[in-house]
Every structure is written in structure tokens, then in C-alpha cells.
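Down below is the structure, laid out as C-alpha cells.
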Amino acid sequence: MIVRSSTPRLHAGERRLPGSRLCRKRNLLSFAKCIATTPGTCSAPRYGFMWRESMSSFPAIGPVPTSIASRSPGTRLDHRELTDQSFTAMVNAPIQAIDIPNWCFSLPEDEYRACSPDHIAAGFTTALDGRRMSIHVAAAGKTLLVHHYVETVHRSDRLILKSVSEMFTPSGRTTIDTEWDLSVNAVDNRRCEFTNRLRFRATDDFLAYLGREGISFDQIRSQQQLWCTTHNTARTPSLAASIERAALINGILNR
């Protein structure tokens, strides 16, 4: 049974991301091949999963953006949860024209890749029970992530996707539980607020991997949260812009 939760909102004093814009494209296919065949030899951002140096060696990326809505102060993550963050941007289209599942499962690969320099490839298939599945391949520092997103909640204004995602790291392969929650809420009859929520939880395989590699859970949690903040702050306006374009086309076709 699926338990619905309220869409995460911004806390007091926080603001939305700037207006929608499209990130520039970057071809990462050669990078993906490189980290898959010759681990440790590629130039990659020094943040992300499985980076074993201390946090003091990470580059300064400025203050944490105020566009992030995470858990309330004092609320602790459970012993397996790595991150639970929400990011927002405006969509300049009426909510009646938006269909997030239709957008997600018809998104061209080039448009997916244009939303973030970390995005490498996307495709579509079905799970064994017939539910739609979206395959996403992305780079997280020196790690390659393969998400097998299966729809668990699918309404025109909200889509929740879950995946046991594969992680190809420089020192081995493991898995992680991923939940991607995409939703819109009407601001007025012409605009919506888009919320991009991403959650990661450790699998048994992931915990075993950390033990073999001698990596503490707190260390990997801090690193993963840093990557999640950087990745989603950059791509959320682009995802909103893509949803907006699809909604406007949908509105024209349905006139």
C-alpha cells in the first residue's frame, strides 16, 4: 500500500530557485567509458559517491542554497537514510496542462541530457508486473549511477519513482535505494511550483561495500548530501523548463 505524504514545502526564509533555464549540453559518454574501464584515471568533480578523502579536501562551492527544503531542524535521518532533499522552481503553465508521468515517460534522451551535465543517457521499458520503468544513467563524481525507476504513484500532478540503483565505483559495484518524487502545486491559474525531491537509502549491499572499503557511514552521507545539493540545485530549473515546454505543447494540442 502506498502512503501519500504531503509535498515538501520551503521553510521560512527560503526562496525558490531562479526562473527556468536550460543547462548547456556536455557529452559525457567518453567519461562514462573511461571510469568503467580505467578507474581513477579520469578528471571528475571531487565530490560525489565513494570519494575517500576527508571532507576538508572538497572544493568550496559556496553556501548551501536557500532553495533547498530538507527536514525540520532536530529531525534525524534514520540509520540507513543518506539524504532527503527537496528543490523547487516555477513552471509558467497552468496545472491543467501538466502531466508529469506523460512528460517523464516520453522525455527525449537529448533533452534529459541537456538538463544536467551529470546526465548521460535515458531510456524506457517496463517492470515484470507491467508498470512503466524509466532508465537513467548519470555520473556522480567518479561513480556511475544506473537508475531503474518504476512508477509507484502516478497522477498528472505527481509522480513517485523508486529504484534499486546500481553504482559502479572505482573500487567495485554496489546498489542503493532511490526515490524520486516530482510534483507541482498551482500558484495561480497560470503558474505552478515544481518540487523535485530526491531520497537515497543504503541497501544491505551498500553497507557491506562500505565495510569492505573502510568508509564510515557518516562520511559517505556527508559526501552524498554535498553531491545531491550541487546536482539538484543546477538541474531543477531545467527540469521545470522541460515540464513547462511539454505543458504548453499539450495545451496547444488540446485546444
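Inter-label distance, Arg80 to Thr203: 1.1 nm, where each label sits 7 Å from its Cα along the C-beta direction. Is the range 169-211 best put as rounded, prolate or oblate by its Cα gyration tensor, with a ≥ b ≥ c the root eigenvalues, rounded for a/c under 1.5, and otherwise prolate when a/b is larger than b/c, oblate when not? Cα axes put the range 169-211 in the prolate bin. Relative protection proxy for 172-181, 204-213, from highest mean packing down: 172-181, 204-213 (other beta-carbon atoms within 10 angstrom).
Bear in mind these aren't lab numbers, they're just calculated from the coordinates by the rules spelled out. Here the structure is a predicted model, which means the values were calculated and not measured. So basically every Cβ, Gly included, is an ideal-geometry build from the backbone, and we count neighbours across all protein chains shown.
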